[in-house]
Amino acid sequence: MGAERETVMDGTTIAAGLDLRSDAHVHTGFAAGRDSVGMVVSAADRAGLSALTFADQVGPDTTWLPAYADSVRRASRRTELTLRVGAEVEVSQADGWLAWPADLGTLEVVSVAVSKLPLADGPAAPREVRALLAAGRLTPDQVAETVVATTVKGIERASRYAPVQLARPLSLLAQVGIDDAAIGAGLIGELAAACRATGTAVEVSEAWRSPSPRVVALLRESGVPLLAASDARYAAEVGHWQYLRRL
């Protein structure tokens with residue numbers, strides 16, 4: 001497709017391995033979003049997309065997965081877009097244990113997220129991690145190493161059950177105030193190697209501006225597949241790119 005960029009007929013660009021005609025992570029009113037599956041699909045069609053992956057947040061208490069999957073499949077019969085049934089699952093322990101729902105049978109893809117730092121006392125939210133850093137009980141290097149190790153173990157576990165995407169990778173570090181420079185090339189190399197070994201694609205998130213341009217470049221150079229992901233919670237946000245176009 002050329003060294004850096006190819007322009008396709010409708011004017012959409014494919015740059016740095018990102019196909020902007022596909023949105024790999026959107027939410028609906030079943031969980032974190034606000035709009036119905038049908039509204040999200042209509043918005044994607046208006047945005048000129050060709051594919052859409054639904055990735056509502058799930059956990060052990062989630063009971064609506066069958067209805068959710070049925071809604072996506074009904075919508076697929078009324079559109080030319082390619083629709084996939086996915087879900088966002090949180091890594092809940094340092095060993096990579098995930099907060100799985102009871103039944104994974106309806107899922108075509110799992111989007112793995114690390115939103116809290118697993119510690120001996122349990123998962124720590126960003127505010128708690130910032131307090132531990134300020135008190136000197138954790139160092140930026142320790143946090144970065146823990147986040148990467150947890151992410152690697154999480155995608156390794158998830159890949160046993162379904163195709164995997166990595167949601168907003170390393171965004172937890174930015175949330176706790178750790179500069180991108182603290183994430184050494186060696187750590188990114190570990191993450192890239194795990195992605196290649198498990199067939200995991202990395203989502204480049206519009207909403208979270210994650211990962212950073214530097215990390216995107218390192219992952220791309222390591223041969224990791226990259227996906228454009230709006231992480232849209234409203235239909236109007238689906239397939240609209242600013243951060244990704246700048247990349």
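Quick notes on this one:
- Matching residues in region 216-231 - criterion: being in a helix (DSSP H, G or I) and either crowded, with 24+ Cβ neighbours inside 10 Å or among the hydrophobic types (A, V, I, L, M, F, W, C) (or both): V216, A217, L218, L219
- Of all residues in region 83-124, those being free of Cβ contacts under 8 Å to residues at least 12 places away in the same chain and under 18 Å from the mean Cα position of the chain (by Cα) number 0.
- Filtered residues of region 43-56 (kept if in contact (Cβ under 8 Å) with a residue 40 or more places away in the chain and closer than 17 Å to A113 by Cβ): T53, A55
- Pairs with Cβ under 6 Å, 6+ apart, first in region 14-25 and of a type in the set (S, T, Y), second modelled with pLDDT of 85 or more and open to solvent by 10 Å² or more (accessible area, probe 1.4 Å): S22/A51
- Residue within region 206-215 that is of a type in the set (A, V, I, L, M, F, W, C), more than 17 Å from Q57 (Cα to Cα), open to solvent by less than 70 Å² (accessible area, probe 1.4 Å) and in contact with a helix residue (DSSP H, G or I) (Cβ under 7 Å, 6 or more places away or on another chain) present: yes
- Of all the numbered requirements in (1) under 18 Å from V164 (Cβ atoms); (2) open to solvent by 20 Å² or more (accessible area, probe 1.4 Å); (3) among the hydrophobic types (A, V, I, L, M, F, W, C), V89 misses one, and that requirement is (2).
- Options V152, V147, V129: the member that is crowded, with 17+ Cβ neighbours inside 10 Å, over 19 Å from the mean Cα position of the chain (by Cα) and not in a loop (DSSP other than H, G, I, E, B): V129
Here is a yes/no grid of residues against (1) out of contact with any strand residue (DSSP E or B) (no Cβ under 6 Å at 6 or more places or on another chain); (2) aromatic (F, W, Y); (3) open to solvent by 70 Å² or more (accessible area, probe 1.4 Å); (4) within 15 Å of S230 (Cα to Cα):
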| site | (1), (2), (3), (4) |
| --- | --- |
| F30 | no, yes, no, no |
| D61 | yes, no, yes, no |
| A99 | no, no, no, no |
| L117 | no, no, no, no |
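- Of the residues making up region 18-64, those that are assigned to a strand (DSSP E or B) and either among the aliphatic types (A, V, I, L, M) or over 17 Å from Q165 (Cα atoms) (or both) are L18, A24, V26, A51, L52, A55.
- Screening I183 against (1) at negative phi; (2) touching a residue at least 40 places away in the same chain (Cβ under 8 Å); (3) surrounded by 22 or more Cβ atoms within 10 Å (Cβ to Cβ); (4) of a type in the set (A, V, I, L, M) leaves a single unmet condition, (2).
- Failed criterion for A162 (all others in (1) open to solvent by 20 Å² or more (accessible area, probe 1.4 Å); (2) within 22 Å of Q93 (Cβ to Cβ); (3) among the aliphatic types (A, V, I, L, M); (4) part of a loop (DSSP other than H, G, I, E, B) hold): (1)
The values are calculated or read from the model by the stated rules, or taken from the named source; none is laboratory data. Worth saying up front: this structure is predicted, and the values here are computed from it rather than measured. Backbone-built Cβ (ideal geometry, glycine too); neighbour counts: all protein chains shown. Ligands, DNA and RNA are excluded from the accessible area calculation, which covers all protein heavy atoms including side chains. Shrake-Rupley method; radii C 1.70, N 1.55, O 1.52, S 1.80 Å.
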